[in-house]
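A.B. asks: Below: one structure in structure tokens.
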Amino acid sequence: MENILSSESEIELFLNTNNFTVLYFSTPDCTVCKVLKPKLIEFLEENFSKFKFGYVDLSQLKESAAQRNIFTVPTILFLYEGKEFIRKARHINFGELYDELSRFYSMVE
């Protein structure tokens, strides 16, 4: 399930109330983002259901990009208890991501 986060306070609340989070930073005119987002949501639901998905529209929240050193879209941050542990940008290799998330899951469960 996707959560649309439209302010910095919503982002902080989302991070503070969920242990496993994904922040998906994008803009409405990003064609790569439009194709990748549903694939990523499906991938997480099938393989890593503990992750909560949050969408951030950087055309509305430019300060969030600056605060988190985001220079391209899409940028996807994987966080555990509010701490970033994986960062992906532009193109994602789902096989590699599966291995990284599996390794992390095994350490925290």
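The values are calculated or read from the model by the stated rules, or taken from the named source; none is laboratory data. Remember, it's a predicted structure, so these values are computed and weren't measured experimentally. Ideal geometry is used to build each Cβ from the backbone, glycine not excepted, and the neighbour counts take in all protein chains shown.
A.B. asks: With the checklist (1) in contact (Cβ under 8 Å) with a residue 40 or more places away in the chain; (2) surrounded by 14 or more Cβ atoms within 10 Å (Cβ to Cβ); (3) not polar (S, T, N, Q) in hand, flag the one item K39 doesn't pass.
C.D. replies: Single failed check for K39: (2).
A.B. asks: Which ones in the range 87-97 are surrounded by 14 or more Cβ atoms within 10 Å (Cβ to Cβ), over 11 Å from the mean Cα position of the chain (by Cα) and outside any helix (DSSP H, G or I)?
C.D. replies: Matches in the range 87-97: I92 only.
A.B. asks: Another question, if that's okay. Within the set of pairs 6+ apart or on separate chains, which have a first residue in the range 46-63 that is closer than 11 Å to V22 by Cβ, a second that is in a loop (DSSP other than H, G, I, E, B), and C-beta atoms under 6 Å apart?
C.D. replies: Every condition considered, the pairs that remain are K52/N18.
A.B. asks: Determine, yes or no, whether Y105 is farther than 21 Å from C33 by Cα and crowded, with 16+ Cβ neighbours inside 10 Å. Talk me through it step by step, then tell me what you get.
C.D. replies: Working: farther than 21 Å from C33 by Cα: yes; crowded, with 16+ Cβ neighbours inside 10 Å: no.
So Y105 does not fit the description; no.
A.B. asks: Right, something else. Being part of a strand (DSSP E or B), modelled with pLDDT of 95 or more and surrounded by fewer than 18 Cβ atoms within 10 Å (Cβ to Cβ) narrows it down to one residue among E46, E84, E100; which is it?
C.D. replies: Values: E46 fails: part of a strand (DSSP E or B); E100 fails: part of a strand (DSSP E or B).
Among E46, E84, E100, only E84 is part of a strand (DSSP E or B), modelled with pLDDT of 95 or more and surrounded by fewer than 18 Cβ atoms within 10 Å (Cβ to Cβ).
One line per residue, one yes/no per condition, for (1) over 22 Å from E81 (Cα atoms); (2) within 11 Å of the chain's Cα centre (by Cα); (3) among the acidic types (D, E):
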| position | (1), (2), (3) |
| --- | --- |
| E2 | no, yes, yes |
| S6 | no, no, no |
| T17 | no, no, no |
| C30 | yes, no, no |
| K52 | no, yes, no |
| S59 | yes, no, no |
| N69 | no, no, no |
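Yes/no matrix, rows are residues, columns are (1) of a type in the set (K, R); (2) over 20 Å from M1 (Cα atoms):
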{"residue": "L15", "(1), (2)": "no, no"}
{"residue": "I41", "(1), (2)": "no, no"}
{"residue": "L44", "(1), (2)": "no, no"}
{"residue": "K52", "(1), (2)": "yes, no"}
{"residue": "E63", "(1), (2)": "no, yes"}
{"residue": "N69", "(1), (2)": "no, yes"}
{"residue": "I76", "(1), (2)": "no, no"}
{"residue": "L79", "(1), (2)": "no, no"}
{"residue": "E96", "(1), (2)": "no, yes"}
